[in-house]
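Q: Sharing a structure, written as structure tokens. Questions coming.
Only the coordinates and a few stated rules stand behind these numbers; no lab work does. What you see is a predicted model, and the numbers here were worked out from it, not measured in a lab. Please note: Cβ atoms are built from the backbone with ideal geometry, for glycine as well, and neighbour counts cover all protein chains shown.
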Amino acid sequence: MSYAIEKNDKRCENIQQNAINLGVMEKVKILNGEINNFINEIEKPNCIFIGGGLTSLNLNDLIQYLPRQGRLVINTVSLQGMEIINNLHKKYGGEIIR
């Protein structure tokens, strides 16, 4: 099961339509709200993808839910977001792809 956690109603609709179009809707559970409201209710992930809102998240809390070889994928376009990613890279290692 994949979980999509999104606080914007319209984006939840877009996620649902994309999942339907790709034929994977039965494998995606869309949760509308803040991630902190759901993190204890979902299965532990082996990958977390962050597509926005990076500066408002407590990433250290999210990272604790990943297994040792888990993957954190972050998309950012801002300099502030890149600074956060660079600091995470220094602390945890990994690979940055631009």
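Q: From the phi angles alone, apply the Karplus equation (6.51, -1.76, 1.60; θ = phi - 60°) to the stretch 84-89 and give each ³J(HN,Hα) in whole Hz, x where the residue is Gly or Pro.
A: Going residue by residue, I get 4, 5, 4, 5, 5, 4 Hz, with x marking Gly and Pro.
Q: If you fit an axis through the alpha-carbon atoms of helix 9-22 and take the longest principal axis of the Cα set of the chain, what angle between them do you get, 0 to 90°, nearest 10?
A: Between the helix axis and the principal axis of the chain, the angle is about 70 degrees.
Q: Where does the charge balance sit around ILE50 when Lys and Arg score +1, Asp and Glu -1, over other residues with C-beta under 12 Å from its C-beta?
A: Every neighbour counted, the sum reads 0.
Q: Based only on Cα atoms, what mean projected area does the convex hull of the stretch 1-56 have, in nm²?
A: 4.0 nm²
Q: Sticking with this one: From the list (i) 14, 45, 34, 7; (ii) 15, 38, 25, 14, 7, 1; (iii) 16, 45, 29, 9, 2, can you say which value of P(r) over Cα pairs in 10 Å bins from 0, in percent was derived from the structure given?
A: Of the listed options (i) 14, 45, 34, 7; (ii) 15, 38, 25, 14, 7, 1; (iii) 16, 45, 29, 9, 2, (i) comes from this structure.
Q: Go through LEU88, THR55, VAL24 and say which Cα lies farthest out towards the positive end of the charge dipole of the chain; charges sit on Cβ, +1 for Lys and Arg, -1 for Asp and Glu.
A: Sorting the options by dipole projection puts first LEU88.
Q: Students often get this wrong: which residues of the stretch 32-75 have the backbone nitrogen under 14 Å from the point 7 angstrom along Cα-to-C-beta of ASP9?
A: From the stretch 32-75, the list is 32-33.
Q: Taking H as built 1.01 Å from N, whose amide H comes closer than 5 Å to the amide H of ILE5, not counting residues under 5 places away?
A: Correct list: LEU31.
Q: Also, quick follow-up: Dipole magnitude of the chain about its Cα centre, charges +1 at Lys/Arg Cβ and -1 at Asp/Glu Cβ only, in debye to the nearest 20?
A: For this selection, approximately 300 debye.
Q: Another question about this same structure. Given H placed on each backbone N at 1.01 Å, which residues far from LEU72 in sequence or on other chains put an amide H within less than 5 Å of it?
A: ILE48
Q: Grab the DSSP H runs of the chain that are 4 residues or longer, score each as -39,500 (n - 2.57), total them, divide by all residues and round the 222 nm result to the nearest 500 deg cm²/dmol.
A: Theoretical 222 nm ellipticity from helices: -10000 deg cm²/dmol.
Q: Hey, what do the phi angles of the stretch 65-76 turn into as Karplus ³J(HN,Hα) couplings, whole Hz, using 6.51/-1.76/1.60 and θ = phi - 60°, x for Gly and Pro?
A: 3J(HN,Hα) across the stretch 65-76, in whole Hz: 7, 7, x, 3, 9, x, 10, 10, 10, 10, 10, 9.
Q: Run the numbers on the chain and let me know its relative contact order in percent, using alpha-carbon pairs under 8 Å that are six or more apart.
A: That works out to 23 percent.
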